[in-house]
Structure formats: C-alpha cells, structure tokens
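Novice: Here it is: the structure, laid out below.
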Amino acid sequence: LLEAERGAVDLLLTDVVMPGMSGTELAEVAAGRQPGLRVLLMSGYSKDFPEGMAPSGAPVLPKPFTPDALLRRVAELLGSPAPVSIRFGSRG
C-alpha cells in the first residue's frame, strides 16, 4: 500500500507478531520509504516480546483494546486534541 499510495500515509498500525515479517520490521521498511512515518504497534505481549520482535521505542497499544482506546491513541499520535467516539452497528 505504501508503494501504491500517491500521498503520504499518516499512520501505520501493525501487530508486533505477524507471519513472515514482524511489525517492527514492517515499520522499519515503511519508514525507509516514508521518513517521519508515525507508527503504532499493537501486541498481545506485555513486556515479554519474542526475541527480535521488540518494538524499538515505537508506541505500543496492548491487546485487548476497545475501539475508543484505539481511537484515543491514534488521535494522540496524529495530534488531534479531542477524539470523537465512534460506535459501530445500529441501535434503535
């Protein structure tokens, strides 16, 4: 997607542990293509990351998380002063 995207990507959200390439490796590759890229890693591991998967200083959102927690963290990283709560599904 970074290769196909013509404009700048505002934020990369990726899991730390993925098949084939870790989220940290993906973030390094993506930042090489777009310097200054904001990265938010998510992980089910607390502080005990598998060897070679440490987030190297990037912000980490621990799993499980609520949609509101994700929204707050993304807004924080993008510099928004007040995130808007998003509700999914119909209520009525």
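The values are calculated or read from the model by the stated rules, or taken from the named source; none is laboratory data. From a predicted model like this one, the values you see are computed outputs, not experimental measurements. Don't worry about glycine lacking a Cβ; one is built from the backbone with ideal geometry, like all the others, and counts go over all protein chains shown.
Novice: Looking at Val9, Val39, Val17, which is the one that is touching a Ser or Thr at 6+ places or on another chain (Cβ under 9 Å), in a loop (DSSP other than H, G, I, E, B) and of a type outside the set (D, E, K, R)?
Specialist: Val17
Novice: For the range 67-92, which positions are over 19 Å from Thr14 (Cβ atoms) and at pLDDT 60 or above?
Specialist: Asp68, Gly79, Ser80
Novice: While we're looking at this one, here's another question. Output the qualifying pairs, or none if there are none: Cβ atoms under 9 angstrom, residues six or more apart or on different chains, first residue in the range 18-44 and farther than 16 Å from Arg73 by Cβ, second residue of a type in the set (Phe, Trp, Tyr) and surrounded by 14 or more Cβ atoms within 10 Å (Cβ to Cβ).
Specialist: Thr24/Phe49
Novice: OK, next. For the range 18-36, indicate whether the set of residues that are at pLDDT 90 or above, exposed (fewer than 12 other Cβ atoms within 10 Å of the Cβ) and small (Gly, Ala, Ser) is non-empty.
Specialist: Looking for residues that are at pLDDT 90 or above, exposed (fewer than 12 other Cβ atoms within 10 Å of the Cβ) and small (Gly, Ala, Ser), one finds at least one in the range 18-36, hence yes.
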